[in-house]
Each structure stands twice: as C-alpha cells, then as structure tokens.
Amino acid sequence: MLRRTLVALSLAAGFAGAAHAQPAPAAAPAPAAKPAKPNPKVKIETPQGAMVVELYADKAPITVANYLKYVDRGLFNGATFYRASRPPGYAGTDYGLIQGGLQNDPKKVLPPIAHESTLKTGLTHKTDGTISMGRHAPGTAQADWSITLGDMSYLDADPKNPKSPGFAAFGQVVEGLDVVRKIIALPTDPNKGEGAMKGEILRQPVRITRVSRYVPPPPAAAAEPAAPPPASPAVTPASPQ
C-alpha cells in the first residue's frame, strides 16, 4: 500500500513537472496604432495663379474648422486679396504679408470664433507662407486672413505680455509661394486704408476665384517600355558568278 502511494505521488510529481515545463502562451500582439489623420489642404485660385495651403487641424482645430466652413459653403469664392503690407520704401517681395477675405460682408460672415493663441498651438509666424486670422480684439476673428513672408514672429503671442495676444496662425502654404510674392509686389494706394493699413490697400484687388478642398492628382501611370524594333532579316551574301 505504501509503495502504491509513493508511486502515485511520484507520477503526480512527474505530471506536475511536465505541466510546469509547458511554454507559457504567447502574449497577444498589441493592436497597431492608427495612423494619424492627415491635415486638410485647400486650394486658393486667383488670376495670379493658385496656391495650396495645409491647415493644421491637429494644432488649431477651432480656427481650421471655421475656415473650412467658409470653404465648403463657397463663401470665399469671389472675395479678394485687398492688402499688401511691406515695410515703408521696401521694394522686395520676400517680407511682409497679403490679406484677403470677406471684409465683414454681412451677407456672408459667420459668427466670430475663440482665439487660438500661438502659445497654445505652438505655431509661429516665422516661416514663409504662414496663414493667420485677422481680428480686432481676441475672439472676433471671422473671415479675413493673411499670408506672411519672412520672419514675422512679432505677430505671435508674447509670453511676457498678456496684453499682446498675437494672431492665430493655423496653416502653411505648401505650393504657390510665388503667387504670394506676385500679389505682395502689386501697387498700393497711398491714400487708402486706416490705421496700420494706411497706404497698404491694393489699387486693384486680386479676385479670389475659388477656394476649395485640395485633392492631389493621381500619380501618373508608369510608361510601358517601348517594344524593341523588329529584327532585320538575315541577308545571305550572293555567290560569286
């Protein structure tokens, strides 16, 4: 009886050892991270040419959503670029800004939006092609916007001065900066404009023909290799007569 018990215990220990020897089940793979949603782009068409602007919805969602409402409703179609701001006496085309939009057209403007400070978004006016909302006091921006050339970081919010909240940057021109340079070089009327805009109003505003969501063209199909020319038939030399 004792021997049977020892054998049973021995067999049980063997099975237990075998059980412990089994490899642990593999952990389930972690779910793949979803790719980040690409930022929307818009195409701004004018007689001077077209530009494509990437809108940073990931950083300035309120401002971008507002801009796209105007785009999707076609409200910017027929508006103008009406301002070209350059330093006094400056004849170059690599510094300053152009401004366009609806100029408070009561038939088209939507309610004003909250101000998205550059301190919050992390965006800046330092690089060419920054698009930024025009406004009076913070929280009054509606349907006018500027595109900058050169380092204009003085338009950013000043972290040391709460009374200098800056302007809400919300995107970047990714194609067509040459169009911005063409518009900023156009002549202005020294007698038009008020305050900071005095002398910066274009004599002939540039019509914004259309602003629409940008859909990139499909990639060009690869050209098929040309067929080789047919082989020339072999010519047997004539036998001497």
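FYI, it's all coordinate maths here, none of it is from the lab. This is a predicted model, so every value here is computed, not measured. Cβ sites come from the backbone with ideal geometry, for glycine too, and all protein chains shown count toward neighbours.
Structure notes:
- Subset of region 85-106 (residues that are over 20 Å from Ser153 (Cβ atoms) and either buried (at least 16 other Cβ atoms within 10 Å of the Cβ) or of a type in the set (Asp, Glu) (or both)): Gly100, Gly101, Leu102, Gln103, Asp105
- Only listed residue being more than 25 Å from Ala36 (Cα to Cα), of a type in the set (Gly, Ala, Ser) and free of Cβ contacts under 8 Å to residues at least 40 places away in the same chain, chosen from Ser85, Ser132, Ser153, Ser146: Ser153
- Restricted to region 81-175, the set of strands (runs of 3 or more DSSP E) holding at least 3 residues that are closer than 14 Å to Asn66 by Cα comprises 130-133, 169-175.
- Of all the residues in region 42-64, those that are under 14 Å from the mean Cα position of the chain (by Cα) and surrounded by 14 or more Cβ atoms within 10 Å (Cβ to Cβ) number 15.
- In region 37-73, the residues that are among the small types (Gly, Ala, Ser) and in contact (Cβ under 8 Å) with a residue 60 or more places away in the chain: Gly49, Ala50, Ala60
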